[in-house]
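Student: So that we are looking at the same thing, I have put the structure below in structure tokens.
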Amino acid sequence: ARHRSELQAGNPAGYDGTPSASGQNMILEALHELLAQTRHVREDATAAAQVAVGQQRPLSQHEMMSVLSLLQATPTATLRAAVGDQSESLAQRLKNEVISGATRLGVDPGQARLDPQDEDAIDLVGMLFDVMLDERELEGRSRELIGRLVVPFVKVALLDRRMFVQKTHPARRLLNSLAEACEGNAGESQAERALMGKVEEIIDRLIAEFNENLAIFLTLEEEFRDFLAQHRRRIEIAERRATETQRGQEKLEMARLRAQAELERRLQGAPLPAAIEGFLRQPWNHHLTMSLLREGDEGESVGETLALADVLLEEVAEARRHVVGKPWLQSIQPGLRKVFASVGLHGEGSVGAVDALHDTLQAIAEARPELERALPELPQVSLPTPPAQESAAMDLGSEARAESVDHVDAARFRAMDIGTWLDFIDKDGKVQAGKLSWVSPISSRLLFVNRRGIRFCVASPEELVVMERLGRLRPHMDDGAFDSAMQGVIDRLDPQTPTVH
């Protein structure tokens, strides 16, 4: 439609992305025309129930602002309920409340109607908040706080229509900042609770102080912007911690897998005496894993630990050939004690453990298995465990995992820049934004954090392709909450599929 193209392309803007004056007027005219078309559909559908417009008079600007100021200070229970009810249109509820509220000014609601331009303003703001509350991760207290802004923003729309077309409008910027602070904020940490407290303070002041002077929005936006900047710095710290944690977990997993592979290689062949196998499976495996984690594959301690096991196994082979008189383990006793010490076995305990290995070899050499000794009880030291597999913070299903993945699609995700945001959609349709924070040089898996900087999803490029195919992943619109919601309003006003509100 012509108006849709004007809305989407009408941005002959300067460097800040704000349309020129002529562009602003063009967009506003297109919005009003789309609203008029939608209203005609609604009025045609309910014509029988309508009182003839000629019998009603429009509320004056003064009456509108008076009613809205009353609703701003003391919102009705039905209006508050509409904020939490996705089945009811905020725009229609607002219009009903304004007409009903006019009775407090001595106006007969049966003889009053809204001026078309005022109705447009209410429709736009109501739809804007409908979209925002539907599509943003705003629940509980966050939803309630953002909902309290509906009436003040209707007043702004009546006073200054440029709010809908100027990205730098103070009211628009304030709403973007408040929505950013509320989205996904469940108050789980002290920092989050402090942020929500500041949001509530800002909204309380706006409701108490905003009459018809828009300067309050600039004052509050600047104050909240400074507070939000501090919160963002805390998020950056949390994000760095999430990255370091993931990096450490992947290094730990690689060390564990390498140590396990080295162990299995040395356990192949004939079964080993219990003391020897127990030594390799527990203290030696743990010591090797820690050495790999600290020093990497080529570390000096790694080489020494591997060589220690090889010498021990060579001595087992010699004992099985019944070599007599050999000073067993003499060359590797310092290394053995070092391994036992790494799991907390020191002093006499370490000496006793080495003696058990020595006596076991001696018993094998003498063909007297009854003389083999068990290792003393070792301290309880758990081997590091790998992080839980976290394919995408949601279950993809075995069929989805088995699908073939186009390498071109996978390459697209591999080429994503750090800082890219994606929308993750769970099976219930709930959307949560995730930011690409780190790509593992080990596994090539991608780490995404949520708006709090907390690890949210770790997935391979191939898993992301599958999620995208299933409709569980999409690009994230990087505009602010107001901008994204305005696009949603335009979508709802598409004259080809009018939505009745």
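Student: Which one of these is within 19 Å of the chain's Cα centre (by Cα) and not in a strand (DSSP E or B): Asp479, Asp423, Asp483? It would help to see each step written out before you state the result.
Tutor: Numbers: Asp423 fails: not in a strand (DSSP E or B); Asp483 fails: within 19 Å of the chain's Cα centre (by Cα).
Asp479 is the lone residue from the list that is within 19 Å of the chain's Cα centre (by Cα) and not in a strand (DSSP E or B).
Student: I need the full set of residues from region 346-356 which are touching a helix residue (DSSP H, G or I) at 6+ places or on another chain (Cβ under 6 Å) and hydrophobic (A, V, I, L, M, F, W, C), in order please.
Tutor: Across region 346-356, the qualifying residues are Ala353, Val354, Ala356.
Student: Here's another thing I want to ask about it. Looking only at residues in region 314-332 that are of a type outside the set (Phe, Trp, Tyr) and surrounded by 16 or more Cβ atoms within 10 Å (Cβ to Cβ), which one is farthest from Ala259 (Cα to Cα)?
Tutor: The residue in question is Ala319.
Student: So, in region 129-164, how many residues would count as being buried (at least 19 other Cβ atoms within 10 Å of the Cβ) and within 23 Å of the chain's Cα centre (by Cα)?
Tutor: 11
Student: Of everything in region 166-177, what is surrounded by 23 or more Cβ atoms within 10 Å (Cβ to Cβ) and not small (Gly, Ala, Ser)? Give them in sequence order.
Tutor: Arg172, Leu174, Leu175
Student: Just checking: which of the helices (runs of 4 or more DSSP H) contained wholly in region 105-167 hold 3 or more residues that are closer than 18 Å to Val489 by Cα and assigned by TED's automatic domain parsing to the domain that holds Leu178?
Tutor: On the way: elements: 116-135, 141-147, 150-159.
Result: 116-135, 150-159.
The values are calculated or read from the model by the stated rules, or taken from the named source; none is laboratory data. Note that this is a predicted model, so its numbers are computed, not measured. Please note: Cβ atoms are built from the backbone with ideal geometry, for glycine as well, and neighbour counts cover all protein chains shown.
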